[in-house]
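Take a look at the structure set out below.
The values are calculated or read from the model by the stated rules, or taken from the named source; none is laboratory data. Only a predicted model underlies this, so the values are computations on that prediction, with no experimental measurement involved. Neighbour counts run over all protein chains shown; Cβ positions are idealised from the backbone, glycine included. Note: areas computed on protein heavy atoms with side chains; ligands, DNA, RNA excluded. Shrake-Rupley method; radii C 1.70, N 1.55, O 1.52, S 1.80 Å.
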Amino acid sequence: MINKDYILRIAEQLGRELSILVGLRKRNKQEEELIAIDNFFLKYIGMTSRFINSLSDEMLLQTLAPLGKLNIESALWIGSLLHEEGDIYADYGNETESYYRYCKALFLLLEAFYQEHIPDDTIFLATIQDLLDKLAVYQIPMHLQRKVFRYYEQRGMYARAENLLFETLEQTPDESLFADGNAFYQRLSLKSEIDLQAGDLSHEEVEESQAQLTQLQTQNS
């Protein structure tokens, strides 16, 4: 596990660079901001924005984890800078480019959050929430929905995880999703009532939802 102080140093350094980008945007210098972001990519990651955006999510993940262990620092930098790029394209009214970058940013940040303890009082948690809010009006890819589902459970947002599970199953009643759902409810059944209530569920609701999941699975088998 990475030392908490190390994550905080990354967040502090990133915050300084982001303040430069915010300053450019306030002066309506989006083109200069894009150039600055590309320079940050080269400085901290050694890759250009074009190269990063040319890779699929899985290819990018493999690039950042050549030995099977994700480079958390690179993932945090890339995710945060892609979020900024997405905001610029949103300012331009280019919904396609902003959506693409928001998805890739969320993918990396959620993976970093899953693999490492990221303190709640850093910029990264707020960035994840902002990305979730901005993507809420879109249909996001299945592989990203599954990461969001895992994130909600990890954060103790059990009702949100449940809602997303059933929404996803309505769209794609995939057998592996049913397996994920059954495993999810098995884990919830072992939790205390206090823990479940903190996540807006109860043991009774867990049992009812698990029965509903089984019924839905039978209907789709």
Exercise. Check segment 134-145 and report whether any residue there is surrounded by fewer than 18 Cβ atoms within 10 Å (Cβ to Cβ), over 30 Å from E95 (Cα atoms) and aliphatic (A, V, I, L, M).
Key: no
Quiz item: Could you say whether any residue in segment 193-208 is under 22 Å from the mean Cα position of the chain (by Cα) and either outside any helix (DSSP H, G or I) or crowded, with 17+ Cβ neighbours inside 10 Å (or both)?
Solution: yes
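Check segment 54-68 and report whether any residue there is more than 17 Å from E111 (Cβ to Cβ) and out of contact with any Pro (no Cβ under 7 Å at 6 or more places or on another chain).
Looking through segment 54-68, at least one residue is more than 17 Å from E111 (Cβ to Cβ) and out of contact with any Pro (no Cβ under 7 Å at 6 or more places or on another chain).
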Quiz item: Give me the pairs: first residue in segment 66-85 and within 13 Å of E116 (Cβ to Cβ) and touching a residue at least 60 places away in the same chain (Cβ under 8 Å), second residue open to solvent by less than 10 Å² (accessible area, probe 1.4 Å) and aromatic (F, W, Y), beta-carbon distance under 7 Å, and six or more apart or on different chains, which are they?
Solution: L76/F124
Practice problem: Please indicate, with yes or no, whether at least one residue in segment 136-149 is assigned to a helix (DSSP H, G or I) and in contact with a Pro (Cβ under 9 Å, 6 or more places away or on another chain). | Solution: no
Quiz item: Among the listed residues L109, L216, which satisfies the condition of being over 22 Å from G86 (Cβ atoms), touching a residue at least 12 places away in the same chain (Cβ under 8 Å) and surrounded by 14 or more Cβ atoms within 10 Å (Cβ to Cβ)?
Solution: L216
Quiz prompt | helices (runs of 4 or more DSSP H) enclosed by segment 1-91 - at least 1 residues per element that are in contact with a Leu (Cβ under 6 Å, 6 or more places away or on another chain) and of a type outside the set (A, V, I, L, M) | solution = 30-44
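Residue check: is L109 more than 22 Å from Q145 (Cβ to Cβ), in a helix (DSSP H, G or I) and of a type in the set (A, V, I, L, M)?
no
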